[in-house]
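The values are calculated or read from the model by the stated rules, or taken from the named source; none is laboratory data. Bear in mind the structure is a predicted one, so any value in this text is a computation, not a measurement. Positions of Cβ are generated from backbone atoms using ideal geometry, with glycine treated the same way; all protein chains shown enter the neighbour counts.
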């Protein structure tokens, strides 16, 4: 039995990843507050900003991970807040770190004892994992940390047969991005003008990249920038 456990598959990139793996014959489990709209996906309700909520699903996760020949864990859920060095509160920064960094670590610790060789842990970073823009401080900090978490995962799991990678999408046409920019078409056009292909990335394109990384151990420890080629100015 091959299984994918993914966070945040209710929409956007996560939904596209879930659909891809279902089509490949995997059983899919979604961890999030909102359910995935795909009927075949098993839902486990969890608040990734709350360590108590994560701990409470330990038994369910253990049941899902039993007897898998291959278990893929994709840390897709993310929290994007509008804040800056002068406006961010300690509470907002902590919440961002809980969702984007602490939750993946907690889920790794729950599932790793049950993950056989040929399994993988894939982190979904961002173009902001290695650069920054104004007014996204907590997200930038957390996504930079995610690359460090992936690299530590690679070293700590040496010899286990479990591989890891961090896929860093560029500007992808998701609800999260459109909400962040106020669904302003002028901003979308300006973003597209900064990409060599002149458009936003589709969630399906990122899902294909994640799927390749999740099943390709040669990419162990790799940071994959999936951004259609950003124009440097």
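A few notes on this one:
- The one condition from (1) in contact (Cβ under 8 Å) with a residue 12 or more places away in the chain; (2) surrounded by fewer than 20 Cβ atoms within 10 Å (Cβ to Cβ); (3) within 23 Å of residue 89 (Cβ to Cβ) that residue 138 does not meet is (2).
- Test for residue 153: is it outside any helix (DSSP H, G or I) and modelled with pLDDT of 95 or more: no
- Residues (surrounded by 18 or more Cβ atoms within 10 Å (Cβ to Cβ) and outside any helix (DSSP H, G or I)) located in the stretch 89-127: 115, 119, 120, 121, 122, 123, 124, 125, 126
- When residues in the stretch 207-233 are screened for being at pLDDT 95 or above and not in a strand (DSSP E or B), 15 of them pass.
- Applying the criterion of at least 1 residues that are without any contact (Cβ under 8 Å) to a residue 40 or more places away in the chain to the strands (runs of 3 or more DSSP E) found wholly in the stretch 19-81 leaves 27-32, 42-45.
- Reported count of residues in the stretch 192-206, each being free of Cβ contacts under 8 Å to residues at least 40 places away in the same chain, part of a helix (DSSP H, G or I) and crowded, with 17+ Cβ neighbours inside 10 Å, is 1.
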